[in-house]
Amino acid sequence: MNLRRAAAILAWFLLALIAVSTLSPIAMRPHIGTWVHVERFGAYGLVGFLFAAAYPQRIALVLGLVFGAAVGFELLQMLSADRHARVGDLAVKMAGAACGAGAAWCAARHGRQLLAAK
């Protein structure tokens, strides 16, 4: 299995895990710490990184997919009585996704040059 295929499998798995975490009742939501914005930024940053690593020639599509998922999950929270959608939460998720995808794009574009310079 090559690296892109592994990244794609992990990215889709993580996106499904984010969906379950986002749409489950608040009592069932996993918590890593007390800074929920760091959790959100990190989760979407990792999923953005993995999708961009899996599909490096389709960065715009990757960003559209991850941004669309973030918007969709945030709007679906309004259907639950104990969850709420917030623009601030969405902004943190989108910033994380953009940073993760940008990091993967930079690594793919400049990683070979840095390794060759050594």
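Just a few scattered comments:
- Cα gyration tensor shape of the chain, rounded if a/c is under 1.5, else prolate or oblate by comparing a/b with b/c: prolate
- Each of Leu90, Val36, Val62 was scored by the projection of its Cα onto the charge dipole of the chain, and the greatest displacement toward the positive side belongs to Val62; charges sit on the C-beta of Lys, Arg, Asp and Glu.
- Per residue accessible area of the chain, 1.4 Å probe, in Å²: 64 Å²
- Dipole magnitude (debye, nearest 20) for the chain, charges at Cβ of Lys, Arg, Asp, Glu: 480 debye
- Gaussian network model of the chain, springs between alpha carbon atoms under 10 Å - residue of Gly96, Gly33, Gly64 with greatest fluctuation: Gly33
- Helix 87-117 vs. the chain, principal-axis angle (Cα, 0 to 90°, nearest 10): 10 degrees
- Folded to 0 to 90 degrees: helix 59-76 orientation relative to the chain principal axis, Cα: 10 degrees
- Near Val20, once Lys and Arg are set to +1 and Asp and Glu to -1 for all other residues with Cβ below 14 Å from its Cβ, the sum equals +2.
- Residue with peak Gaussian network fluctuation, the chain [Cα springs, cutoff 10 Å], from Ala60, Ala85, Ala27: Ala27
- Prolate/oblate/rounded call for the range 1-67, Cα gyration tensor, a/c under 1.5 rounded: prolate
- Between helix 36-54 and the chain: long-axis angle, C-alpha atoms, 0 to 90°, nearest 10: 40 degrees
- Accessible-area composition of the range 44-117, carbon plus sulfur, in percent [1.4 Å probe]: 70 percent
- With K and R counted +1 and D and E -1, the other residues having a Cβ less than 13 Å from that of Val47 yield a net charge of +1.
The values are calculated or read from the model by the stated rules, or taken from the named source; none is laboratory data. Everything numeric in this text was worked out from a predicted model, so none of it was measured. FYI the Cβ positions are ideal-geometry reconstructions off the backbone, even for glycines, and counts take in every protein chain you see. We work out accessible area using only protein heavy atoms, side chains counted, and drop any ligands, DNA or RNA first. Shrake-Rupley method; radii C 1.70, N 1.55, O 1.52, S 1.80 Å.
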